[in-house]
1. Looking only at residues that are among the basic types (K, R) and either surrounded by 13 or more Cβ atoms within 10 Å (Cβ to Cβ) or within 20 Å of Q42 (Cα to Cα) (or both) in region 100-153, which one is nearest to the chain's Cα centre (by Cα)?
2. How many of the residues in region 9-31 are surrounded by 15 or more Cβ atoms within 10 Å (Cβ to Cβ) and in contact with a helix residue (DSSP H, G or I) (Cβ under 7 Å, 6 or more places away or on another chain)?
3. Does region 154-166 hold any residues that are more than 18 Å from N61 (Cα to Cα) and open to solvent by less than 80 Å² (accessible area, probe 1.4 Å), and which are they?
4. Can you name every residue in region 67-91 that is out of contact with any Lys or Arg (no Cβ under 7 Å at 6 or more places or on another chain) and modelled with pLDDT under 95?
5. Scan P63, P35 and give me the residue that is surrounded by 12 or more Cβ atoms within 10 Å (Cβ to Cβ), modelled with pLDDT under 90 and closer than 28 Å to R171 by Cα.
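The values are calculated or read from the model by the stated rules, or taken from the named source; none is laboratory data. Everything numeric in this text was worked out from a predicted model, so none of it was measured. Cβ sites come from the backbone with ideal geometry, for glycine too, and all protein chains shown count toward neighbours. Side chains are part of the model used for accessible areas, which takes the heavy atoms of the whole protein and leaves out ligands, DNA and RNA. Shrake-Rupley method; radii C 1.70, N 1.55, O 1.52, S 1.80 Å.
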Amino acid sequence: MKLWTIQTYKAWEEAVATGYLVGNTNFIWEEFIHPYHWMMDQMRKRLPNYKGEYPVWLWTNRPDLRYMRHINRGKKAVLLEADLNTEDILFSDFQAWHLVLSNEFLTITEEEDLLIESGHIIMSKEKSWERIFNYKELRQYEYWKGSEDLQAVTGVVPLFRLKHIKTFIGR
């Protein structure tokens, strides 16, 4: 399956030296460590070949490099196109992932939101987060209809899986 990832040039140089691309804790903001570890636990449960690496984040649609926010302004980076096996990829809803990052419940309706706020639904926050993987079902609810971006994670991207490499400077 064709996917894309944007990496710093330093991460690319490390990948060239080792022969594979892998996630790096140096690029994770401290407040996101718990959500990343939760995602890694999900990867352990859902990906048969996953070995516990920090995730490499991927996109199902090629990122448009003309837009800002992909990489810090003036920083050298690479856009990599990878062809990966589907059993090594965990897909999730990009917008819903932000509730995991924010450490909030992932509710699917306004009514459910009110029930959770009032303490009438007994579901752990972490259990509600698992809905990010049911993105097709999630989008059936009015609350989530506008959420269309899919993201993916994998543990390791061997360099032989890369089909295209584009160097660019962040805007």
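1. At the first step, the residues of region 100-153 found to be among the basic types (K, R) are 125, 127, 131, 136, 139, 145.
Now narrow it down to the ones that are either surrounded by 13 or more Cβ atoms within 10 Å (Cβ to Cβ) or within 20 Å of Q42 (Cα to Cα) (or both): 125, 127, 131, 136, 139.
Working: K125: 19, K127: 18, R131: 14, K136: 16, R139: 18 Å.
Filtering first and then ranking leaves R131.
2. Selection size over region 9-31: 5.
3. Of all residues in region 154-166, those more than 18 Å from N61 (Cα to Cα) come to 155-156, 158-160.
Listed by number, the residues that qualify are G155, V156, P158, L159.
4. Going residue by residue through region 67-91, those that are out of contact with any Lys or Arg (no Cβ under 7 Å at 6 or more places or on another chain) are 67, 69-72, 74-77, 80, 85-89, 91.
The answer is Y67, R69, H70, I71, N72, G74, K75, K76, A77.
5. Details: P35 fails: modelled with pLDDT under 90.
P63 is the lone residue from the list that is surrounded by 12 or more Cβ atoms within 10 Å (Cβ to Cβ), modelled with pLDDT under 90 and closer than 28 Å to R171 by Cα.
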